[in-house]
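The values are calculated or read from the model by the stated rules, or taken from the named source; none is laboratory data. All figures in this text were calculated on a predicted structure; none of them were measured in a lab. Counting neighbours? That spans all protein chains shown, and the Cβs are built from the backbone with ideal geometry, glycine included. These area figures cover heavy atoms from the full protein model, side chains too; ligands, DNA and RNA do not enter into them. Shrake-Rupley method; radii C 1.70, N 1.55, O 1.52, S 1.80 Å.
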Amino acid sequence: MQREPGRPKPSDMDDLLRVTGLSKSFAGLANDRPIEILRDVSMRLSAGQSLAIMGRSGAGKSTLLHVLAGFESPDRGEIRWEGQALVSMNETQIDRLRNRRFGFVYQFHHLIEECSAIDNVSLPLRIASVPRQSARERAKAILTRLGLGDRLHHRPSVLSGGERQRVAVARALVHQPACVLADEPTGNLDEQSARQVFALFRELAAESGTALLLVTHDPELAKGCDRLVVLENGLLSES
Ligand SMILES: Nc1ncnc2c1ncn2[C@@H]1O[C@H](COP(=O)(O)OP(=O)(O)O)[C@@H](O)[C@H]1O
Ligand SMILES: [Mg+2]
């Protein structure tokens, strides 16, 4: 069959994420050469798949996630989400991709302190123009699933670390994104809470077919993912 020139091949479009030849350097100290944090990184992620990213501190894991989410641009290489190259998108389109197709979880929860749990979780839906009442209903449902049904109107400051992180997980998943990007999401929790949060996360993500890019130091969490890659000296290797 003839294909239109320039259209991605179907195999490219089947990938949720496809990265080829990504490089990123940061300027070193004065007069130093730039430091290459990512060199020729290539990877693929299918819809609904979970991928753990490990590597020592300073290896470039956060940088990789920032570049993949379009917060920073690579020096070289290409990133395609659902077949569409990030470089071909303008700021508005990248914002839209982030707001509608991604969820984010960070080591420290990044919740809005002035807002209750239910308002924090409603936010991604409100940004996607879901009416207030149904946004709140969906937020309530997912918070209840995460065991926070009696914490809906609490502000982050009165919640425990584990509870806050469950609110962050709810906020990352409530709009059923294509992919959650999580940067050491359980880093400030004890092991048991971390694994509980992660187990709930996996359960909900599986229901909505959400993929996961998980930066973690916890080998147990990494083992719970479909795939594991290690970032070392700017290179990504799969094990
Ligand atoms: N904006 C930046 N400017 C200069 N150097 C940076 C910047 N962001 C990160 N780095 C450097 O890049 C390296 C990788 O950082 P990072 O991606 O945060 O590593 P990781 O998340 O694996 O701990 C570190 O040496 C860090 O100091
Ligand atoms: Mg980091």
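Selection within the stretch 21-64: residues that are free of Cβ contacts under 8 Å to residues at least 40 places away in the same chain and within 16 Å of ligand 2 (Cβ to nearest atom). The member of this set that is least open to solvent (accessible area, probe 1.4 Å) is THR63.
Taking the listed residues ALA199, ALA194, ALA205, the one that is open to solvent by 10 Å² or more (accessible area, probe 1.4 Å) and in a helix (DSSP H, G or I) is ALA199, with no other qualifying. As for the stretch 102-117, it holds at least one residue that is within 16 Å of ligand 1 (Cβ to nearest atom) and among the hydroxyl-bearing types (Ser, Thr, Tyr).
Selection of the stretch 208-236 for residues being hydroxyl-bearing (Ser, Thr, Tyr) and either surrounded by 20 or more Cβ atoms within 10 Å (Cβ to Cβ) or under 19 Å from GLU184 (Cα atoms) (or both) yields THR210, THR216. Selection of the stretch 20-46 for residues being more than 22 Å from GLN84 (Cβ to Cβ) and either small (Gly, Ala, Ser) or touching a helix residue (DSSP H, G or I) at 6+ places or on another chain (Cβ under 7 Å) (or both) yields SER25, ALA27, GLY28, ALA30, ILE37. Here THR144 meets the list (1) under 28 Å from HIS217 (Cβ atoms); (2) open to solvent by 30 Å² or more (accessible area, probe 1.4 Å) almost entirely, failing just condition (1). Consider VAL180 carefully, then state whether it is outside any helix (DSSP H, G or I) and surrounded by fewer than 19 Cβ atoms within 10 Å (Cβ to Cβ). Judged against the criteria, VAL180 is not a match.
Do the conditions hold for ALA178, that is, is it small (Gly, Ala, Ser) and in contact with a helix residue (DSSP H, G or I) (Cβ under 6 Å, 6 or more places away or on another chain)? Judged against the criteria, ALA178 is a match. For the stretch 101-120, the set of residues classified as over 17 Å from LEU65 (Cα atoms) and either surrounded by 14 or more Cβ atoms within 10 Å (Cβ to Cβ) or among the β-branched types (Val, Ile, Thr) (or both) consists of LEU111, ILE112, CYS115, SER116, ALA117, ILE118, ASP119, ASN120, listed by residue number. Filter the stretch 70-95 down to residues that are under 18 Å from GLY234 (Cβ atoms) and within 15 Å of ligand 1 (Cβ to nearest atom), then give me how many there are. Number of matching residues: 4. Would a scan of the stretch 73-80 turn up a residue that is part of a loop (DSSP other than H, G, I, E, B) and buried (at least 20 other Cβ atoms within 10 Å of the Cβ)? Checked against the condition, which is being part of a loop (DSSP other than H, G, I, E, B) and buried (at least 20 other Cβ atoms within 10 Å of the Cβ), the stretch 73-80 yields at least one hit.
For the stretch 37-69, filtered to residues that are assigned to a helix (DSSP H, G or I) and more than 9 Å from ligand 1 (Cβ to nearest atom), the residue that is nearest to ARG98 (Cα to Cα) is LEU68.
The rows are residues; the columns are (1) more than 30 Å from ASP15 (Cβ to Cβ); (2) among the polar types (S, T, N, Q); (3) within 20 Å of the chain's Cα centre (by Cα).
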{"position": "GLY149", "(1), (2), (3)": "yes, no, no"}
{"position": "HIS153", "(1), (2), (3)": "yes, no, no"}
{"position": "VAL169", "(1), (2), (3)": "no, no, yes"}
{"position": "ALA194", "(1), (2), (3)": "no, no, yes"}
{"position": "LEU213", "(1), (2), (3)": "no, no, yes"}
{"position": "PRO219", "(1), (2), (3)": "no, no, yes"}
{"position": "ASN233", "(1), (2), (3)": "no, yes, no"}
{"position": "SER237", "(1), (2), (3)": "no, yes, yes"}
